[in-house]
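S.K.: Take a look at this one; I'll ask things after.
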Amino acid sequence: MEYRVDAPLIVQGDRTVLLEVNNARYEDARDHLARFAELEKSPEYIHTYRISSLSLWNAASAGMTADEILEGLHEYAKYPLPDNVIVEIKEAIGRYGRVRLTRDPNDPTRLRLMSDDPLLLMELERNRNLRIYILDRIGPHTLQVPASRRGHVKQALVKAGYPAEDLVGYVDGAELNLQLRDVTAAGLPFTVRHYQRDAGDIFWADGSDAGGAGVIVLPCGAGKTIVGMLTMALAQTNTLILTPSTVAARQWREELLDKTTVSADMIGEYTGLRKEIRPITVTTYQILTHRKRGTKDQHLPLEQEFPHFGLFNEGNWGLIIYDEVHLLPAPVFRITAELQARRRLGLTATLVREDGREEDVFSLIGPKKYDVPWHDLERQGWIAPAICYEIRVDMPEAERLEYIVAEERQKYRIAADNSVKLDILDRLLKYHEGDQILIIGMYLQQLEKIAKHYGYPLITGDTKVGEREELYEKFRTGEVKTLVVSKVANFSIDLPDASVAIQISGTFGSRQEEAQRLGRILRPKSDGRQAYFYTIVSKETVDQQYSANRQRFLTEQGYRYLILYDEEIPGALPHTQQR
């Protein structure tokens with residue numbers, strides 16, 4: 001059997017791929033894998049990836065071919081590729097687009113589900129998830145389905161293993177005149193970066209039926225909002241923008257006023273505080289999923305159970321933007337299944353969903369249209385270089401005993417609240433004195449203790465929106481150097497000068513949260529400073545286990561966590577970036 005000692009990959013018959021970290025070709029192999037495989041485990045020496053049908057379909061939708069995937073695997077593999085993996089990659093890539101959804105020219109209430117393979121259509125006709133939507137057959141290559149169930153049909157096809165190419169097209173929506181500025185309202189020069197332009201153009205696809213629905217994946221700090229505004233300029237239509245919070249909604253408004261030609265009276269805020277519907281309307285997932293009291297679990301029509309869902313039909317929208325699409329709540333998936341006639345743009349730093357609903361993002365929002373490795377943008381200077389540290393600390397004997405005898409569901413809280421973490425925090429704050437620092441955690445009592453001890457401002461879910469905005473602005477101007485924040489600051493907060501993040505507790509093993517928290521410090525610094533991301537964990541506890549899981553996505557993007565122990569903190573931490 002052929003064996004190449006210098007190659008970093010072992011591809012196995014169950015579609016797992018082992019990647020040797022201490023290999024000269026590690027980074028090249030990792031960057032290739034990240035385009036079509038998912039990282040499952042990332043211990044020190046061997047990383048495990050899995051090639052799934054969904055990861056291959058996303059690669060296919062972004063233009064990657066089976067030959068391109070296999071060529072890279074052959075190049076980096078120690079052993080010959082298993083025959084079944086070669087076949088399965090070709091088959092999965094080949095399944096993408098083998099069925100097509102098009103308009104029915106004779107009946108606007110129906111769509112045509114078509115395939116060049118009549119036997120495949122017969123198979124799908126008998127599929128239990130799809131058959132409830134089939135209305136009629138027109139010859140050997142065409143089935144008819146209801147136009148009103150376009151999203152549901154696409155979900156069923158993904159479950160059947162044959163994602164459809166959606167060529168039905170979209171409604172135009174009301175016309176909106178919006179242009180990007182060359183000089184911002186603040187008087188600064190403004191240009192769209194090359195990768196932002198590429199992302200917008202690939203999504204828009206010259207306005208053809210082949211474009212108009214999909215997800216753009218870019219790191220935090222890389223300007224996803226700019227891609228959204230560029231898409232609005234290409235579409236020239238009324239736009240509904242969904243965001244994770246009121247603060248994020250207002251930041252979209254500020255960016256639109258600063259970088260586009262729209263006036264303030266053209267932008268509406270539809271939140272808990274205001275209910276404005278304008279040609280551009282910005283709202284939050286929270287307000288959209290607000291239920292009428294007493295309606296839960298009564299199986300009511302969507303707009304009766306969620307009264308604000310009426311917003312989707314009130315603005316003659318031609319484009320809906322889902323900011324931080326990985327946070328999309330389940331009820332919004334339900335309404336999105338019925339909004340397939342409107343163009344849909346998802347923006348995110350990671351397609352990872354902790355609820356496992358990546359398939360629903362794929363079928364209802366659209367496939368991944370564009371992404372770029374984080375380190376490519378770092379090397380080009382578009383995001384700040386970052387060093388990640390995991391600092392492992394012992395627990396005091398009394399706390400360790402409490403942890404050992406606690407019930408499983410209490411163990412993480414005890415480990416996360418380890419009092420030794422505060423000693424490490426104190427040393428890190430002294431080391432980074434003068435830097436712009438975010439102290440991030442999930443347990444409010446822990447955060448309140450830190451804020452009170454140091455006299456730092458605290459932002460939690462209970463902090464009023466106006467107060468949050470005021471504190472964020474003081475942080476941006478340097479009047480406030482350190483903020484203590486809960487997970488409300490994970491998403492869509494623009495704090496460009498933050499250069500240090502210290503995470504004292506996280507949301508269990510959430511990979512998406514880890515990516516977002518690192519993202520708070522990745523915006524490029526005016527003076528080119530390094531960014532530092534610290535996670536303090538209790539050694540040999542579930543806190544350490546959850547931390548390892550949280551790191552998986554960032555490891556896939558090329559960030560290597562340097563492991564330190566508490567005795568290694570005093571003096572000077574290394575200032576050179578290591579990966």
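The values are calculated or read from the model by the stated rules, or taken from the named source; none is laboratory data. Quantities reported herein were computed from a predicted structural model and do not represent experimental measurements. Here Cβ is always computed from backbone atoms with ideal geometry, including for glycine, and neighbour counts include all displayed protein chains.
S.K.: Which one of these does Glu378 not meet: (1) within 23 Å of Leu562 (Cβ to Cβ); (2) charged (D, E, K, R); (3) at pLDDT 90 or above?
M.R.: Unmet for Glu378, out of (1) within 23 Å of Leu562 (Cβ to Cβ); (2) charged (D, E, K, R); (3) at pLDDT 90 or above: (3).
S.K.: In the stretch 284-314, what residues are assigned to a helix (DSSP H, G or I), of a type in the set (Val, Ile, Thr) and modelled with pLDDT under 75? Write out each step before concluding.
M.R.: Going residue by residue through the stretch 284-314, those that are assigned to a helix (DSSP H, G or I) are 285-288, 302-305, 307-313.
Next, only the ones that are of a type in the set (Val, Ile, Thr) stay: 287.
The answer is none; no residue qualifies.
S.K.: Follow-up. So Glu433 clears everything in (1) part of a loop (DSSP other than H, G, I, E, B); (2) under 25 Å from the mean Cα position of the chain (by Cα); (3) farther than 30 Å from Met232 by Cα except one condition, right? Which one?
M.R.: Only one criterion is unmet by Glu433, namely (2).
S.K.: Next up: Tell me which residues, restricted to the stretch 60-96, are part of a helix (DSSP H, G or I) and basic (Lys, Arg). So that I can check it myself, show each step before the final result.
M.R.: Looking only at the stretch 60-96, we keep the residues that are part of a helix (DSSP H, G or I), and these are 60-61, 66-76, 83-95.
Those that are part of a helix (DSSP H, G or I) and basic (Lys, Arg): Lys90, Arg95.
S.K.: Which residues, counting only those in the stretch 183-206, are part of a loop (DSSP other than H, G, I, E, B) and of a type in the set (A, V, I, L, M)?
M.R.: Within the stretch 183-206, Ala185, Ala186, Leu188, Val192 meet the criteria.
S.K.: May I pose another question? Given Val405, Val361, Val420, which one is touching a residue at least 12 places away in the same chain (Cβ under 8 Å) and surrounded by fewer than 22 Cβ atoms within 10 Å (Cβ to Cβ)?
M.R.: On the way: Val405 fails: touching a residue at least 12 places away in the same chain (Cβ under 8 Å); Val361 fails: surrounded by fewer than 22 Cβ atoms within 10 Å (Cβ to Cβ).
From the options Val405, Val361, Val420, the qualifying one is Val420.
S.K.: Considering the stretch 433-449 alone, what residues qualify as being without any contact (Cβ under 8 Å) to a residue 60 or more places away in the chain and either in contact with a helix residue (DSSP H, G or I) (Cβ under 7 Å, 6 or more places away or on another chain) or surrounded by fewer than 18 Cβ atoms within 10 Å (Cβ to Cβ) (or both)?
M.R.: Going residue by residue through the stretch 433-449, those that are without any contact (Cβ under 8 Å) to a residue 60 or more places away in the chain are 433-434, 444-449.
Of everything in the stretch 433-449, those that are without any contact (Cβ under 8 Å) to a residue 60 or more places away in the chain and either in contact with a helix residue (DSSP H, G or I) (Cβ under 7 Å, 6 or more places away or on another chain) or surrounded by fewer than 18 Cβ atoms within 10 Å (Cβ to Cβ) (or both) turn out to be Glu433, Gly434, Leu444, Gln445, Glu448, Lys449.
S.K.: Let me ask something else. Scan the strands (runs of 3 or more DSSP E) fully inside the stretch 461-579 and keep the ones with 3 or more residues being surrounded by fewer than 18 Cβ atoms within 10 Å (Cβ to Cβ) and modelled with pLDDT of 80 or more.
M.R.: On the way: elements: 482-485, 500-503, 531-538, 561-565.
Once the strands (runs of 3 or more DSSP E) in the stretch 461-579 are filtered for at least 3 residues that are surrounded by fewer than 18 Cβ atoms within 10 Å (Cβ to Cβ) and modelled with pLDDT of 80 or more, what remains is 561-565.
S.K.: Taking the stretch 129-178, which residues are part of a helix (DSSP H, G or I) and polar (S, T, N, Q)?
M.R.: Of all residues in the stretch 129-178, those part of a helix (DSSP H, G or I) come to 131-133, 147-160.
Once the filter is applied, which keeps residues that are part of a helix (DSSP H, G or I) and polar (S, T, N, Q), the stretch 129-178 yields Ser148, Gln155.
S.K.: Might you check whether a residue that is under 26 Å from Glu358 (Cα atoms), in contact with a strand residue (DSSP E or B) (Cβ under 8 Å, 6 or more places away or on another chain) and surrounded by fewer than 16 Cβ atoms within 10 Å (Cβ to Cβ) occurs anywhere in the stretch 206-219?
M.R.: Yes, the stretch 206-219 contains at least one residue that is under 26 Å from Glu358 (Cα atoms), in contact with a strand residue (DSSP E or B) (Cβ under 8 Å, 6 or more places away or on another chain) and surrounded by fewer than 16 Cβ atoms within 10 Å (Cβ to Cβ).
S.K.: Just one of Glu27, Glu68, Glu75 is of a type outside the set (A, V, I, L, M), surrounded by fewer than 19 Cβ atoms within 10 Å (Cβ to Cβ) and under 25 Å from Glu165 (Cβ atoms); which is it?
M.R.: Values: Glu27 fails: under 25 Å from Glu165 (Cβ atoms); Glu75 fails: under 25 Å from Glu165 (Cβ atoms).
Exactly one residue qualifies, and that residue is Glu68.
S.K.: Only one of (1) touching a Lys or Arg at 6+ places or on another chain (Cβ under 8 Å); (2) of a type in the set (A, V, I, L, M, F, W, C); (3) buried (at least 19 other Cβ atoms within 10 Å of the Cβ); (4) more than 17 Å from Asp172 (Cα to Cα) is not met by Met266, so which one is it?
M.R.: Looking at each condition in turn, Met266 falls short on (3).
S.K.: Now for a different question. Given the options Tyr45, Tyr79, Tyr49, Tyr26, name the one that is aromatic (Phe, Trp, Tyr), in contact with a Leu (Cβ under 8 Å, 6 or more places away or on another chain) and in contact (Cβ under 8 Å) with a residue 24 or more places away in the chain. If you could, list the steps in order and put the result at the bottom.
M.R.: Details: Tyr45 fails: in contact with a Leu (Cβ under 8 Å, 6 or more places away or on another chain); Tyr79 fails: in contact with a Leu (Cβ under 8 Å, 6 or more places away or on another chain); Tyr26 fails: in contact (Cβ under 8 Å) with a residue 24 or more places away in the chain.
It is Tyr49.
S.K.: Quick check on my filter: what residues within the stretch 100-128 are among the basic types (Lys, Arg) and assigned to a strand (DSSP E or B)?
M.R.: Taking the stretch 100-128 first, the residues among the basic types (Lys, Arg) are 100, 103, 110, 112, 126, 128.
If the condition is that a residue be among the basic types (Lys, Arg) and assigned to a strand (DSSP E or B), then Arg100, Arg103, Arg110, Arg112 are the ones that fit.
S.K.: Out of Val485, Val465, report the one residue that is closer than 22 Å to Tyr532 by Cβ and within 28 Å of the chain's Cα centre (by Cα). Even if it seems obvious, please write down each step before you answer.
M.R.: On the way: Val465 fails: closer than 22 Å to Tyr532 by Cβ.
Selected residue: Val485, the only one of Val485, Val465 that is closer than 22 Å to Tyr532 by Cβ and within 28 Å of the chain's Cα centre (by Cα).
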